[in-house]
1. How large is ³J(HN,Hα) for each residue in the stretch A:34-51, as worked out from phi by the Karplus curve 6.51 cos²θ - 1.76 cosθ + 1.60 (θ = phi - 60°), to whole Hz, x for Gly and Pro?
2. Give me B:SER18, B:SER90 sorted ascending by neighbouring Cβ count inside 10 Å, so fewest comes first.
3. First check a/c for the stretch A:116-173, with a ≥ b ≥ c the square roots of the eigenvalues of its C-alpha gyration tensor; if it is under 1.5, answer rounded, and if not, answer prolate when a/b is larger than b/c or oblate otherwise.
4. Shape verdict for the stretch A:83-141, please, from the Cα gyration tensor: rounded (a/c under 1.5), prolate (a/b greater than b/c) or oblate.
5. Could you state, as a whole-number percent, how many of the C-alpha pairs of chain B are farther apart than 20 Å?
6. Label the protein assembly as shown by shape, choosing from rounded, prolate and oblate, from the square roots a ≥ b ≥ c of the eigenvalues of the Cα gyration tensor; if a/c is under 1.5 it is rounded, and otherwise prolate applies when a/b is larger than b/c, oblate when it is not.
7. Please report the relative contact order for chain A, taking Cα pairs under 8 Å with a sequence separation of at least 6, and give it as a percent rounded to a whole number.
8. How big is the gap, in Å, between the Cα center of the stretch B:107-175 and the Cα center of the stretch A:53-78?
Amino acid sequence: MATETWYEITVKVLKKHKVDLVTYVPDNVLRPLIELIHADPYFTAFACAREEEAVGITAGAWMGGRRGIVLMQTSGFATLPNTLASLSVPFQIPTLMMVSERGTMGEFNIGQQMVARTMRPVLDTLMIEAHTMTRLDEMEFILDRSMIQAWATQIPCCYILSPLLTGGKVFAA
Amino acid sequence: MALNVNQPLKREQAKVMSRFDLISRMVAKIPDEDAVVGGIGWTNFDLWAVKRRPRNFYMLGSMGLAVPIGMGVALAQPDIHVFALEGDGSLLMQLGCMATVAARKQTNLTVVIMDNGAYQITGGQRALSDEGADLVAIARGCGLEQAYWAADEDAFEEMIALAHKEPGPRLIGCRIDKEKPRETTERDPPILKDRFMRALGVKQG
C-alpha cells in the first residue's frame, strides 16, 4: 500500500472536520496541496491579494457557520500579527493556519531567514497553539486533535510544515 | 437625482452627506435577516448608534478587514445579503480585497464606503482619497463593475434596494462630512461576536 502524502493527509482531515473553505496566498511548497484542493469540488478555494484578507474571510465565515483554513508561507505569516492580535485572538475566533516553513534547512534567501525568526515568538506571545510538523506518521494525529482543540477553546491554531516533512524549497546550487 | 448607470459620477460630483443619516436610511431599508459588518472608526460608531441591530458585527482593530469579513459571512450565509461598511482610510489599507470580491463574484455582498477624505479618528489628517484616489474608480479597475458614487440620499437608498433585486457584488461610494459619531461602540470582542453568531443562528443554547 502506497504511503499517503502530507497533502493527502491534510485533505482527509480537513474533510473529516468539515473545513471546506480554503483561502491562501500561493506558495511553491504548498502547491501540491493547493492543486489537490482545487481539484476537489468539496472545497471552495481561492487566492487572496494578502494574508490579512485571507484571515478576515475565514473569520467572517466562522461567524457565519462555515469552517475555513488559511494557507501561506512564513513571510506571509509576518504580515499577520495585527490581524491575529486584534481580530482572531480577542474575538475568540479559531483561525486555522497552515504555514510552509521557509528560512531554515537550506534557505537561500536571507530575507526569508530573517523573517522566519519572527514567527514563533509572535505565535507564543499571542498564546496561539502551534505545531511544527516534521513527520508523516504524526501528521494526521496532530491535525485532527488540534482542530478539535481549536473549535473547543476558540483559540487559533497554526500548523508549521517543516522542510523535514515537505522537502522544502531546494536551492539549485 | 436617480442612479445614472450610463453616466457614473466622479467623486467630486457626489453630494457630501451625513454618515449618521445614511446609515439610518440603510438600516431602515434592509431586512432584519441581512448582516452588516462595520469597519473601525466613526463609521462603526455610527452603525452602533443608529440601532442595536442583532445581525451587525462591529470590528475593533484589524483596520481594513470589514470587506473580507463581510465576504466570509456572505460565503457562509448564501441566502442572506451582507453589507460591509468601511471608511475610506480603511479601504485604502486593503485595496486588494476589492479584486478578490470581484473575482469571486460574491453576489450577496454590497460594500458601502463612507469617504470624508480624512482619518477622523486620529485627528482629521488628510487621506489619499482627498488627494486624487477615487475609490469607486479603483473598485471598477479591480473588476467590481457595479461600483458607483451615490449622487444623493435618494440615489443611495435606490442602490441599497438593488441588493435584493439584482445580483452583486456592488460597491456604493458615499461622500460624507466630518460630523462626529453619536456614540462609541461597546468594546467587548467576545460579546460582540457571540451576539452576532446567535443572531445568525450559528450559535445556540
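Taken together, the values in this text are just the output of simple stated rules run on the coordinates, not laboratory data. This structure is a prediction, so every number in the text was calculated from the model and none was measured. Methodologically, a virtual Cβ is constructed for each residue, glycine included, from the backbone with ideal geometry; neighbour enumeration extends over all protein chains shown.
1. 4, 5, 5, 5, 5, 6, 10, x, 4, 9, 9, 9, 7, 7, 10, 6, 7, 5
2. Neighbour counts put them in this order, fewest first: B:SER18, B:SER90.
3. In terms of gyration-tensor shape, oblate.
4. oblate
5. Roughly 51 percent, once rounded to a whole number.
6. prolate
7. This gives 24 percent for chain A.
8. Answer, in whole Å: 25.
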